[in-house]
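Down below is the structure, laid out as structure tokens.
The values are calculated or read from the model by the stated rules, or taken from the named source; none is laboratory data. Nothing here was measured: the structure is a model prediction, and the numbers come from that model. Backbone-built Cβ (ideal geometry, glycine too); neighbour counts: all protein chains shown.
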Amino acid sequence: MSRTVAVVGAGVAGPAAVLSLAAAGLTVRWFAPPVAPDHDPVGETLSPAANPLLAKLGLTETMAAAHRPSHTTLSSWGTAQLVDRNAILHLEGPGLVLDRRKFEADLRRAAGKVAERVVDARLAHAHAAQGVWHLSAESGETLDADALVDASGRSAVAARRLSPGHRADRLMAAHAFLDHRDASVEPTPAVLIEAVERGWWYAALRPNGTLSVAYFTDPDLLGETPTRDPKIWKALIDGTRYVGRWIDDAGFDPDTAPTLSSAGTTWLAAPAGRVEDAPWMAVGDCAAAFDPLSSHGMTTALWAGARAGPLLSAALDGDDGALDAYARSVTDGVHAFLDQRQRMYAMERRFADAPFWQRRHNATPADLAERAQDG
Ligand SMILES: Cc1cc2nc3c(=O)[nH]c(=O)nc-3n(C[C@H](O)[C@H](O)[C@H](O)COP(=O)(O)OP(=O)(O)OC[C@H]3O[C@@H](n4cnc5c(N)ncnc54)[C@H](O)[C@@H]3O)c2cc1C
């Protein structure tokens, strides 16, 4: 009996799903669009909770080099002081600050070795009929599969037609990688989080010596768009107490205009199921994307991808119990996160009258679930 699964997406969740499906003895056909030469994904803090997932996927060895342990996180959150949260105090050990480009390339290479077929193009269309998925790429290539995994990130290229989507907020990120121009200063290997009136900042020294800087706010609070004019970006940086000082003191070049991306909490109402008897599941940001304050987007993507093999293997044998349990655990995880999110934002009271903070202080998880708009 044919047991073929198509996977869409080559970020974090996609390769994890490919590895898990192949380990479960399924034949994998993978839509992995080519990586642009300037591809440099943002988001480098990998939680220690990812370690057992990487081991399960056989990826521990690929993690040995290039990334650096994240021993120190400094934060000004709920207080004007900078508080040091040293990783020595965390029993699960330190997380990692990734060379994310290398991390994704390693995942991709490992998955490419076990996929039966790799389609080097974006999925354009998916539909199911009589228990079979029929998929076509933008390049015109077509393939069939018995089950489908959508790991296409927030774009949810197939899943958005299979389930309603919800969003809790419209958080966005302006982010840039700043070059280090002053060789006489050794920048501190740290992660810095700073709350400000209209949102919050994140800065992390990357293993390649550049500084990843992101400003999180709501679109209506951003003001003049900083993407074309580095002066606007510089003015935003100058409005911080600690991020700007780190950039100046350690000799980073702030004159790189940022790019903008969505960073809100969004999720699918039904992240797994069947269409015309053919099973499907969404994994990673496609199923549920979290406010990056959580720092667990990549870990959740690995977790969900690693579930794909056993879960779709059972579904293809006619047992949907695991598929249903997965859908429930994604939904439960979203509700637990919304609760945690409210408690995290509630710790910052200095800007309690400002719209950014009011929107997050005054929304209980129940309100959010009720008010959730279609994405
Ligand atoms: C500013 C910012 C900072 C963040 N910081 C962190 C952090 O510090 N730590 C952390 O753990 N998480 C962080 N995150 C979240 C993290 O980046 C995501 O959770 C993670 O990338 C999810 O992985 P994914 O594979 O689901 O999606 P993605 O990484 O978005 O990958 C999706 C893949 O699908 C592909 N794709 C899209 N459309 C198609 C199509 N039509 N056909 C085929 N393929 C397609 C894309 O090319 C891509 O390869 C951050 C997010 C943001 C926005």
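Things worth noting here:
- You will find that of Pro187, Pro226, the residue that is over 26 Å from Arg350 (Cα atoms) and not hydrophobic (A, V, I, L, M, F, W, C) is Pro187 and no other.
- Residues in segment 142-164 that are more than 13 Å from the ligand (Cβ to nearest atom) and surrounded by 18 or more Cβ atoms within 10 Å (Cβ to Cβ): Ala145, Asp146, Ala147, Leu162, Ser163.
- Among the residues making up segment 289-338, those that are within 9 Å of the ligand (Cβ to nearest atom) and small (Gly, Ala, Ser) are Ala289, Ser294, Ser295, Gly297, Ala301, Ala304, Gly305.
- Under the condition of being assigned to a loop (DSSP other than H, G, I, E, B) and away from the ligand (no atom under 16 Å from the Cβ), the residues counted in segment 209-224 number 3.
- Any pair with Cβ under 6 angstrom, 6 or more apart, that starts in segment 73-87 at a residue that is farther than 14 Å from Met344 by Cβ and part of a helix (DSSP H, G or I) and ends at one that is at pLDDT below 90 and of a type outside the set (Asp, Glu): Ala87/His71; Ala87/Pro94
- Subset of segment 1-46 [hydroxyl-bearing (Ser, Thr, Tyr) and modelled with pLDDT of 90 or more]: Thr4, Ser20, Thr27, Thr45
- Selection status of Asp106, crowded, with 17+ Cβ neighbours inside 10 Å, acidic (Asp, Glu) and either in a helix (DSSP H, G or I) or not assigned by TED's automatic domain parsing to the domain that holds Phe216 (or both): yes
- Whichever residue in segment 1-59 is part of a loop (DSSP other than H, G, I, E, B) and among the β-branched types (Val, Ile, Thr) and, among such residues, is farthest from the ligand (Cβ to nearest atom): Val35
- Filter result for the condition that a residue is modelled with pLDDT of 95 or more and more than 22 Å from Ser163 (Cβ to Cβ), over Met298, Met344: Met298
- Segment 249-314 holds strands (runs of 3 or more DSSP E) entirely within its bounds, and those carrying 1 or more residues that are crowded, with 20+ Cβ neighbours inside 10 Å and of a type in the set (Gly, Ala, Ser) map to 272-275, 278-282.
- Going through (1) part of a helix (DSSP H, G or I); (2) at pLDDT below 90 one by one, Glu92 falls short only on (1).
- Residue identified as under 25 Å from the mean Cα position of the chain (by Cα) and more than 16 Å from the ligand (Cβ to nearest atom) among Pro271, Pro279: Pro279
- Test: residue in segment 161-175 that is closer than 28 Å to Ala336 by Cβ, of a type in the set (Ser, Thr, Tyr) and touching a residue at least 40 places away in the same chain (Cβ under 8 Å): yes
- Some residue of segment 61-68 being in contact (Cβ under 8 Å) with a residue 60 or more places away in the chain, within 15 Å of the ligand (Cβ to nearest atom), in the same structural domain as Ala137 (by TED's automatic domain parsing) and basic (Lys, Arg): no
- If you filter segment 233-248 down to residues that are of a type in the set (D, E, K, R) and part of a helix (DSSP H, G or I), you find that the one that is nearest to Gly209 (Cα to Cα) is Asp248.
- Residue within segment 38-47 that is under 29 Å from Trp201 (Cα atoms), among the charged types (D, E, K, R) and surrounded by 18 or more Cβ atoms within 10 Å (Cβ to Cβ) present: yes
- For beta carbons closer than 8 Å, sequence separation of 6+ or different chains, a first residue in segment 35-47 that is touching a residue at least 40 places away in the same chain (Cβ under 8 Å) and a second that is part of a loop (DSSP other than H, G, I, E, B) and more than 6 Å from the ligand (Cβ to nearest atom), the qualifying pairs are Glu44/Leu98; Glu44/Asp99; Glu44/Arg206; Thr45/Leu98; Leu46/His67; Leu46/Leu98.
- Matching residues, segment 162-197, being touching a Pro at 6+ places or on another chain (Cβ under 8 Å) and assigned to a strand (DSSP E or B): Met172, Ala173, Ala174, His175, Ala176, Leu178, His180
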